[in-house]
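The values are calculated or read from the model by the stated rules, or taken from the named source; none is laboratory data. The shown structure was predicted, so the numbers you read here are calculated from the model rather than taken from an experiment. Using ideal geometry, Cβ is built from the backbone for each residue, glycine included, and neighbour counts are taken over all protein chains shown. To get the accessible areas, we keep the full protein, side chains included, count just its heavy atoms, and leave off ligands, DNA and RNA. Shrake-Rupley method; radii C 1.70, N 1.55, O 1.52, S 1.80 Å.
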Amino acid sequence: MELTTAQRRDLRARAHSLHAVVSISQQGLSETVLTEIDRCLNAHELIKVRVYGAERDTRNAFLTDICTRLEAAPVQHIGNLLVIFRVHPDLKKPAPAPKAASKSAPRAETKAGTKKATKLATKLVTKLPTKAGIKARIRPAPARSLKSTKSARPTDPRRRSRI
């Protein structure tokens with residue numbers, strides 16, 4: 001099973017809050033450990049496996065062996081943790097695609113179509129769905145501070161700051 005980089009990134013983010021549900025220890029990757037991993041993948045789709053007392057090459061071998069024998073996809077191998085994903089057998093749906101979010105300001109259509117948005121166009125932030133239709137919400141101008149940079153209380157000339 002192959003994952004795209006976007007799917008892998010989304011799965012890594014989802015796995016961040018998970019705890020390891022299976023541990024591989026002194027006995028290594030036995031059949032009982034594989035059946036437990038299979039049971040957990042059926043229940044959760046995305047799991048973490050903790051490996052104790054194994055070198056990096058051995059952990060990589062464990063990850064590839066688990067993924068080939070259980071038809072799963074490796075998501076991440078970081079330190080002693082292995083993150084593994086397999087689509088639930090009943091659902092057979094692909095991993096959720098990442099949300100397409102734009103961090104830049106919305107662009108206004110101009111004659112050329114490629115010019116940057118004007119200041120008026122960047123104020124339009126979101127469109128809120130209502131029963132009557134879609135209502136545009138405009139961001140208010142940022143509040144400016146009215147405080148002066150000088151202190152309100154004059155400093156005593158006899159007091160000197162130590163530098």
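At-a-glance table
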quantity	calculated
Rounded to the nearest 10 Å², the accessible area of residue 69 at probe 1.4 Å	110
Exposure of residue 19 as accessible area (Å², to 10), given a probe of 1.4 Å and all protein chains	150
Those GluC sites (Glu not before Pro) in the stretch 1-56 that DSSP places in a loop and that have at most 15 other beta carbons within 10 Å	2, 55
Heavy atoms of residue 68 accessible to a 1.4 Å probe, total area in Å² rounded to 10	100
Virtual paramagnetic centre 7 Å along Cα→Cβ of residue 71, amide N under 18 Å, in the stretch 1-36	1-3, 34-36
